[in-house]
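The values are calculated or read from the model by the stated rules, or taken from the named source; none is laboratory data. Nothing here was measured: the structure is a model prediction, and the numbers come from that model. Neighbour counts are summed over all protein chains in view; Cβ atoms, including those assigned to glycine, are modelled from backbone coordinates with ideal geometry. Areas reflect the complete protein model, heavy atoms only, side chains present, ligands, DNA and RNA absent. Shrake-Rupley method; radii C 1.70, N 1.55, O 1.52, S 1.80 Å.
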Amino acid sequence: MDHFHYRDGAMLCEDVPLSRIADEVGTPVYVYSAATLRRHARVFREGLAGVGRVHLAYAIKANPNLAVLRVLAVEGYGADVVSGGELARALAAGIPAGDVVFSGVGKTRAELERGLDAGIGQFNLELEEEGEVLAALAQARGQRAACVLRVNPDVDAGTHAKISTGRKQNKFGVPIDQARAIFDRLSALPGLTLRGVAIHIGSQLADLAPLEAAYGRVGALVAELRGAGHRVTHVDLGGGLGVPYREGDDLPTPADLGRVVARATRGWDVELMFEPGRVIAGNAGVLLTRVIWVKPGVVHPYVIVDSGMNDLARPALYDAWHDFAAVEPGGERFTANIAGPVCESGDTFAMGRDIDRVASGDLAVFRTAGAYGATMASTYNSRALVPEVLVDGDRYAVVADRVTPETLIAAERVPAWLK
């Protein structure tokens, strides 16, 4: 559930009317519910209560806003980061360095050094050479870097091809049939404490069967590694649990995941690590937008809103669905296309969608926009970078400013020879 609801015919976030935010901050704007973030963080933790030792690290890529991270830090979450910038955000939000996991297939030497200097809790190695470089960097500092080896189990997660990460043709991890030999070699390096393995097979998972299959392969690998004399104390099971984007969607819950994990990992005797992202932040946010025009169309009218693909890229990238709802619905509905102002045919959020009837000037929201929304936004067409608001009860704060074209222009330079 989330905390976006109607009261007296108008939508609120917790106890703050969205119309107030639109009037005072302007549109488009992302609006996040602190109560929803807290609830989802607690529900995920409770869902895994029966699986033994657990470490939870929020996947910052889903929503890296500092205020969001602070809410989750207070809830006891660590951070899963995939860049030096995300590492800086995690630390700035007050997440202890020891609770940070550094994932990502393309960590630079500078980022590895940054992680070592910060004293992060774990590096997830993506290839043997990365481990060799990390070992040398750590040894030069008189350190041993705690790390795990990410393996690719060659399991199809059944999700969108662009967010699938566990098939053999994907770029992530080492082939699971090569993992034992790579583990043997890396574990001998003096700069590393190689303490386990990691997997992540995809995002927006709607079926837990592929996860259970992947866990089975990892369990066999753990047994093989221990049989070879290696000490395995940590297994990182990644994230990827899906969220309902359409009203009525029925997806696995954290409790469902917990039951699968408990069954699949029985007897492993390790600390299990998880990196939830979308399942924490997705339903905690909406993109609040205003209708500019309702433009007649050949088949259906076009509802032209002031948010575009630069503000919410998922529909253009993945044909993703986001429920669209009027802030003050009048009770009538109609079939329409929903599009933004960006000069691209791909700037379309929905085609032939049954929605609340809206008119020019009306406010509406794209729901389930708290994950992979603002973090993927751009300034294409020289549009302002969308601001972000956090609501907590009856109060709200702007937690990321609208970055205007004037600010962007001020950061650019025309060389002297062109003046």
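For this structure, a couple of remarks:
- For the pair region 367-400 and region 296-327, the centres of their Cα atoms are 17 angstrom apart.
- Leu66 accessible area, assembled protein chains, probe 1.4 Å, Å²: 80
- For the set Asp394, Asp362, solvent exposure ranked by accessible area (probe 1.4 Å, protein chains only) runs largest to smallest as Asp394, Asp362.
- Probe 1.4 Å, all protein chains present, accessible-area order of Arg39, Arg383, Arg314, largest first: Arg39, Arg383, Arg314
- Distant-in-sequence amide H partners of Val100 (H built 1.01 Å from N, under 5 Å): Ala79, Gly121, Gln122
- Pairs of Cα atoms farther than 18 Å apart, region 344-413, %: 60
- Whole-angstrom gap from region 182-218 to region 231-259, using each part's C-alpha centre: 16
- Longest DSSP-loop-exposure-free segment, GluC sites (Glu not before Pro), the chain, at most 16 other Cβ within 10 Å: 1-246
- Answer label for Cα Rg over 2.2 N^0.38 Å (calculated), chosen among [x] 2.44; [y] 1.01; [z] 1.05: [z]
- Annotation: per residue accessible area for region 175-327 equals 39 Å², rounded to a whole number [probe 1.4 Å, protein chains only].
- Lysine-lysine proximity count for the chain, Cα under 21 Å, sequence distance 8 or more or distinct chains: 7
- Rounded to 0.05, the FRET efficiency of the Ala220 and His300 pair, given R0 = 45 Å and the Cβ-Cβ distance, is 0.30.
- When a 1.4 Å probe is rolled over the protein heavy atoms, the share of accessible surface on the chain that falls to carbon and sulfur comes to 51 percent.
- Length-normalised contact order of region 232-325 in % [C-alpha pairs under 8 Å, at least 6 apart]: 30
- Most to least accessible of Lys107, Lys295 (protein chains only, probe 1.4 Å): Lys295, Lys107
- Heavy-atom surface of region 15-131, accessible at 1.4 Å and reported per residue (Å²): 35
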